[in-house]
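Structure record follows, encoded as structure tokens.
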Amino acid sequence: MEFAFTDEQRMVADTARDFFVENATSERTRKAMAADGIDRALWNDFCNELGLAGVSIPEELGGAGLGLVELAIIAEAAGSQVAALPQLGSLVLCAKAIAAGGTAEQQQDILPGLLTGETIAAYVHDPVFADSDGAISGTAQFVLHGASAQTFVVTSNSEGWVVAADAPGVTVMPLTTMDQTRPYARVTLDAVRGTPLADAGKAMQAAHQAGFVAVAAEALGLAQEALDRTVAYSKERVQFGRPIGSFQAYKHRVADMMVDIEQARSAVYWAACAIDEGAEEAALAAHSAKSFAADTAFRCAADMMQLHGGIGFTWEHDCHLFFKRARALQSMLGDGNWHREQIAKMVLGETA
């Protein structure tokens, strides 16, 4: 597959990058961490001023009608600045699920609020079930921004519902997380009534594919920014009368980061393009991108911290923001081992 950005995609990339560099500063991120992990002003500007909140939502449903390549471009830009936004849960997982498998009423009632940022939704997947009367029960341990959500999109392996966060029987308990810009919550459903999705299978497929690509793209942006900041630091920091970037061991580490990042970039945009084109290898590409890019981000964030020396380990430096986000991305939506197991099953079949 030969891939190059179109002029429109380059424009989206430039616009998104400039927006996050200017607005998603570490000072604002730290303030969000002290609250509920969301920079509300940034979220409002992203949804309403930037105009790219619904980039991969069909035009007839209020979105921009573009694809996962454009979604990946935006996620990459957000990840590079460790932006404190509920984009992944609310706009990627939930909005994509409702757009692909929701009823006309759900699409009309819920999507507009998600795209303007007025409503925050959280995605709950397994272990949940519905009894013979349609009442939903179960407990999900790690729900992204669950404590800030007004709406839940709930899916099991075969069914799906939209549930109001204040519905009787819903209990939400905030959890302490490593990455405070991505707080989790434990969501318990006790005989809760929800409105069923029209096609849960389509909803889950759309949400999971978009989620894998978005997490992978975010990891790619984080890894690239970690490399860029490390290179800049290597030119400023002087030891033994010369910049530390001139030492061979330092160069080797930075070169390894660059090689991993370029491989991750290929994997991310292969996956996004394959899904957009409905290619046979789309599922394989999505699992590959998520596992490789997330692992790359963690290695690069760890190298960033070490190559910054003592200052990289302090709370005052941004290294720890990158490291904690990268560690969270590794386990988010399935860790690398799970994704590689899915790849093995696809390639080897029963032999796996």
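With a ≥ b ≥ c taken as the square roots of the eigenvalues of the C-alpha gyration tensor of segment 1-140, please select rounded if a/c is under 1.5 and otherwise prolate if a/b is larger than b/c or oblate if it is not? Note, shape of segment 1-140 comes out oblate.
For segment 4-80, carbon and sulfur atoms together expose 49% of the accessible surface, with a 1.4 angstrom probe and every protein chain in place.
Once you sort the root eigenvalues of the Cα gyration tensor of segment 73-143 as a ≥ b ≥ c, which label holds: rounded (a/c under 1.5), prolate (a/b larger than b/c) or oblate (the other case)? Cα axes put segment 73-143 in the oblate bin.
Remark: the chain carries a charge dipole of roughly 1400 debye about the Cα centre, counting +1 on each Lys and Arg Cβ and -1 on each Asp and Glu Cβ.
Given segment 119-159, what whole percent of its Cα pairs are spread farther than 15 Å? Everything past 15 Å amounts to 40 percent. Computed from point charges on the beta carbon alone (+1 for Lys and Arg, -1 for Asp and Glu), the dipole magnitude for segment 1-71 about its Cα centre is near 420 Debye. Largest first, the three principal axis extents of the alpha carbons in segment 129-242 are 75, 29, 18 Å in whole numbers. The share of accessible area on segment 101-240 that comes from carbon and sulfur is 51 percent, using a 1.4 angstrom probe.
Based on the alpha-carbon gyration tensor of segment 258-341 and its eigenvalue square roots a ≥ b ≥ c, which shape applies: rounded if a/c is under 1.5, prolate if not and a/b is larger than b/c, or oblate? Note, shape of segment 258-341 comes out prolate.
The spread of Cα positions in segment 305-350, taken along each principal axis and listed from longest to shortest, comes to 50, 19, 8 Å. Relative to one another, the C-alpha centroids of segment 169-212 and segment 99-157 are positioned 6 Å apart.
Both numbers refer to the Cα atoms of the chain; Rg and Dmax are 20.3, 76 Å. Coupling constants for segment 37-54 follow from the phi torsions by the Karplus curve (6.51 cos²θ - 1.76 cosθ + 1.60, θ = phi - 60°), and in residue order they are x, 10, 7, 5, 5, 5, 5, 5, 5, 4, 6, 10, 8, 5, x, 10, 4, x Hz; glycine and proline get x. Shape summary of segment 1-72, radius of gyration then Dmax from alpha carbon positions: 14.3, 44 Å. Once the 1.4 Å probe is applied to the protein heavy atoms, the chain comes out at 44 Å² accessible per residue.
The values are calculated or read from the model by the stated rules, or taken from the named source; none is laboratory data. All of these numbers come straight from a predicted model, not from anything done at the bench. Neighbour counts run over all protein chains shown; Cβ positions are idealised from the backbone, glycine included. These area figures cover heavy atoms from the full protein model, side chains too; ligands, DNA and RNA do not enter into them. Shrake-Rupley method; radii C 1.70, N 1.55, O 1.52, S 1.80 Å.
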